[in-house]
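To start, the structure under review is shown below, and the notes come after it.
The values are calculated or read from the model by the stated rules, or taken from the named source; none is laboratory data. Keep in mind that this is a model prediction, so the values were computed, not measured. Glycine gets a Cβ as well: all are built from the backbone with ideal geometry, and neighbour counts include every protein chain shown.
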Amino acid sequence: MNRPLNPSRSLFQAIATLAVAGFWLGAAQGATPRDPREDEEDTRPPLHVVIGLDLSRSNPLVKSKDYASSAAGVVAQQIGDLPLRSLVMLRTFGSYDGESNDLRIDRSISNEGDERPAAVAVLVREIIASVPSLVRSGRLDMQNSTNVIAFLENMSDFVDCKEMDAIVMLVSDGIESSEYAELNREGEHLPKPGKIYRGCKELQIIGLGQGQKSPSVTEHLREEWEKWAKAAGFRSFSGYNAW
C-alpha cells in the first residue's frame, strides 16, 4: 500500500520548484549576475550549514509576513555566499515531537543547476518567507513549546566539525520553553551542555528576544546562549535582535 504524501512536504516541494523556476527566469532576464565560482575553482573550505525554523507561538516568524521576509533575507544572503561543496540542511522545531517537525530540505552546493549557491539561497528565502502563510493555512502547525536545546542536541548527530566546519542558524526568539528551562522567567538559566559542537564555527540566533519588547530580556537571552554556545564547543556566537 502506498503511503499518502505528507501535505507539508509536498507543499515545500512545490515552493522549491517555483523558487528555482523564478531563479532561472531572473537569470535569463539578466537579473542574476554570473557567479564567478562557475569559471574558477572555489578554494575556500566547504561549510555545513544547519538552519532551524522555530514554529513556537512566541516567535514572530509564525505570524508576521514582514518579519519572516526580513529574516529570510538575512539567512539567504549567507547561503548565497557559501563555498562550493557546502551542505545545507533546513528543519523546523518547536515541540518535542518528530511528527510536528517533519520538514527536511537538504542541498549540496555546486556550480550546476538548482544546487548553485544563488539558487539554494532563493529556495531557502522562499521557504522562510512563506512560514506565516503556511501556518495560517494549516499546512504548518504553530507549536506550544520551544525545545531549542533538544533540536540542537539532535542535529549535533549530523555535524562533525573535524570533517567539515559548521554554522548553525536558528530563526528563533531564543526563548527556551521546555523541560530544560523557561528562559522567559527571571532567574532561569540554560543547562550546561557537553562539547556536542566541539570546534564548530558559529551558532547564530536570528530574532533573539523578538516579540518581547524588553531590552533586559534580550540581554539575558544573549548572555545565556553565548555561554551555552561556548560550552557546547562553538568558536563564536551571534544573537541578532535587529538587522
Of the residues in region 148-180 that are outside any loop (DSSP other than H, G, I, E, B) and among the β-branched types (V, I, T), the one that is surrounded by the fewest Cβ atoms within 10 Å (Cβ to Cβ) is I149
Residue satisfying condition, being at pLDDT below 95, farther than 21 Å from A229 by Cβ, in contact with a helix residue (DSSP H, G or I) (Cβ under 9 Å, 6 or more places away or on another chain) and buried (at least 16 other Cβ atoms within 10 Å of the Cβ), within set L134, L123
L134
How many residues are part of a loop (DSSP other than H, G, I, E, B) and surrounded by 24 or more Cβ atoms within 10 Å (Cβ to Cβ) if we restrict to region 198-207?
2
Would you point out the residue of region 65-110, among those that are touching a Pro at 6+ places or on another chain (Cβ under 6 Å) and under 16 Å from R125 (Cα atoms), that is surrounded by the most Cβ atoms within 10 Å (Cβ to Cβ)?
A68
Would you check if there is a residue in region 55-73 being free of Cβ contacts under 8 Å to residues at least 12 places away in the same chain and part of a helix (DSSP H, G or I)?
yes
Would you tally the residues in region 64-89 being under 18 Å from Q212 (Cβ atoms) and either modelled with pLDDT under 95 or polar (S, T, N, Q) (or both)?
2
